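Here is the structure we will look at.
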Amino acid sequence: MLSGQLRFPFLDLYSVNARYIDSLHMAASRVIDSGRYIGGEEVEAFNSDLAALCRAPHAVGVSNGLDALRLILEGYKQLGRLHEGDEVIVPANTYIASVLAITHAGLVPVPVDPDISTMNMSAATMKAAISSRTAAIMPVHLYGRVAWNSELAELANEHRLLVVEDAAQAIGAQAMSDGLYGSRMAGALGHAGAFSFYPTKNIGALGDAGAVVTHDTELAEVVNALANYGSDRRYHNIYTGFNCRLDPIQAAMIRAKLPDVTDANNRRAERASVYTSTISHPSVITPCVTPDCVWHQYVIRVKDKRRDEMAEYLHRNGVGTDIHYATPPHMQPCYSNLGHGPLPVTELLASQILSLPVSDCTSTDDAAEIARIINRFK
Ligand SMILES: *Cc1c(COP(=O)(O)O)cnc(C)c1O
């Protein structure tokens with residue numbers, strides 16, 4: 001669904017970044033003039049800004065969100081906490097990167113159906129999937145809603161499972177109950193969390209970027225080393241590592257936007273609340289409203305097998321939409337051999353979901369108009 005000439009584009013990254021333009025130019029100049037283009041102060045400052053935001057002791061900027069997840073899993077393998085073939089429970093209705101990280105690390109993803117109303121993994125779905133080989137769970141805070149509650153925490157503790165959060169869509173979100181180490185911030189609820197600063201995320205870089213946040217000092221050290229060829233000091237390699245560093249130029253871009261994260265998330269919430277109070281079409285289910293959501297996406301469900309018709313109707317009426325995600329990972333050709341049980345909720349959702357524009361290029365008036373257009377769908 002192209003959003004080029006639409007009256008209400010789904011997302012226009014230039015206009016999203018326009019409000020930060022002066023800070024971005026200043027930050028870029030700072031890096032250009034510094035002569036330091038790998039690592040250094042800019043990346044260290046980014047790490048401490050992010051750790052402070054998440055109320056966690058460590059943050060490590062890395063190349064992107066997928067690498068952040070993979071480095072956490074590889075790091076726990078180096079620390080002997082995960083072993084080849086261990087099972088990791090993951091929601092089936094996630095972006096494929098969650099699952100790729102698990103299989104890249106030689107672990108076995110166990111996809112589970114989400115709760116249909118939150119569209120997130122719940123304690124119930126997780127509990128049903130625990131086996132003697134389960135070593136970790138990967139809650140994904142899908143669409144910006146935190147997948148965390150005290151039952152989930154208790155289950156993880158009881159079964160001694162590592163909790164690796166995919167917080168790519170949930171920067172700045174706060175859980176409604178404490179994480180394992182007390183922080184309620186998404187990404188700092190479990191043992192380690194992965195962020196993505198892909199340009200479309202709530203806080204996006206101007207290219208690829210990601211980060212690992214953790215309460216585990218040993219893991220932070222291993223991730224740091226793994227991301228830098230496995231070297232703990234110059235020309236001394238303790239692991240067969242990777243090159244997954246965060247560029248200082250991207251660290252600077254994110255730092256220019258990060259102080260605005262709460263306001264940016266609040267602006268998303270205002271648009272979401274306009275949608276929720278205005279949409280009243282009998283074929284449409286609006287997403288549940290919980291205080292732990294930062295509305296990375298505003299995802300409606302269109303019943304009666306009319307989702308594609310609705311998307312085309314909206315496009316004809318100047319509204320850009322998207323689908324996150326039309327094909328779940330277990331139905332992708334690359335995972336045709338992935339073992340899994342029946343996933344009826346995931347497959348139903350994939351056929352019903354439709355994301356409406358919710359970024360800074362959509363005003364609350366735009367959202368009201370989009371909602372009225374939806375209500376007129378025949
Ligand atoms: C964006 C995203 C990722 C991957 O992040 P990249 O920076 O694009 O590699 C992983 N998981 C989820 C849920 C995402 O939305």
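Observations
- Sorting Tyr181, Tyr313, Tyr275 by accessible area puts them as Tyr181, Tyr313, Tyr275; the probe is 1.4 Å, largest comes first, and only protein heavy atoms count.
- Peptides ranked, highest mean first, by Cβ atoms within 10 Å: ranges 105-111, 89-95: 89-95, 105-111
- Listed by chain and number, the lysines placed with their C-alpha closer than 17 angstrom to that of Lys378 are Lys303, Lys305; residues fewer than eight positions away on the same chain are left out.
- Label positions at Ser132 and Ala45, each projected 7 Å from the Cα along the C-beta direction, are separated by 5.4 nm.
- Order of exposure, largest accessible area first, which applies to Lys257, Lys305 with probe 1.4 Å: Lys305, Lys257
- Proximal charge balance of Ala68 [Cβ under 13 Å; K/R count +1, D/E count -1]: -2
- Here the gap between Ala124 and Gln5, fully extended at 0.36 nm per residue and compared with their Cα-Cα distance, gives a gain of 38.4 nm.
- When the alpha carbon gyration tensor of the chain is reduced to an equivalent ellipsoid, the three semi-axes, largest first, read 33, 27, 17 Å.
- Each principal axis of the Cα atoms in the range 41-171 has its own extent, and those three values, largest first, are 46, 33, 27 angstrom.
- Charge dipole of the chain (Cα centre as origin; +1 on each Lys and Arg Cβ, -1 on each Asp and Glu Cβ, all else neutral): 660 debye, rounded to the nearest 20.
- A DSSP coil position with no more than 15 other Cβ atoms inside 10 Å describes the following GluC sites (Glu not before Pro) in the range 1-94: Glu84.
- Around Asn120: net Lys/Arg minus Asp/Glu count, Cβ-Cβ under 15 Å: -3
- Loop-resident sites, the range 35-117, for trypsin sites (Lys or Arg not before Pro), counting at most 12 other Cβ within 10 Å (DSSP): Arg36
- Gain in span if fully extended, Glu309 to Thr217, counting 0.36 nm per residue against the direct Cα distance: 28.0 nm
- Taking the accessible area of the chain, probe 1.4 Å, and keeping the other protein chains in place, the carbon and sulfur fraction comes to 50%.
- Solvent exposure ordering (accessible area, 1.4 Å, most first) of Asp113, Asp247: Asp247, Asp113
- The chain: calculated mean residue ellipticity at 222 nm from DSSP helix runs of at least 4, using -39500 (n - 2.57): -11500 deg cm²/dmol
- Subtracting the Cα-Cα distance of Tyr37 and Thr276 from their residue separation scaled by 0.36 nm leaves 81.5 nm.
- Mean separation of Cα contacts under 8 Å, 6 or more apart, over the residue count of the range 250-378: relative contact order %: 36 percent
- Net charge over other residues, Cβ less than 15 angstrom from the Cβ of Ala211 (K, R count +1; D, E count -1): -3
- Here the simple spin-label model places points 7 Å from the Cα toward Cβ, and for Ala18 and Ser117 these points are separated by 4.0 nm.
- Space enclosed by the convex hull of the alpha-carbon atoms of the range 233-367, per residue, Å³: 213 Å³
- The accessible area of Phe242, taken with all protein chains in place and a 1.4 Å probe, comes to roughly 50 Å².
The values are calculated or read from the model by the stated rules, or taken from the named source; none is laboratory data. Everything numeric here is computed off the predicted structure, so don't read it as measured data. Methodologically, a virtual Cβ is constructed for each residue, glycine included, from the backbone with ideal geometry; neighbour enumeration extends over all protein chains shown. When the accessible area is computed, the model is the full protein with side chains, heavy atoms only, and any ligands, DNA or RNA have been set aside. Shrake-Rupley method; radii C 1.70, N 1.55, O 1.52, S 1.80 Å.
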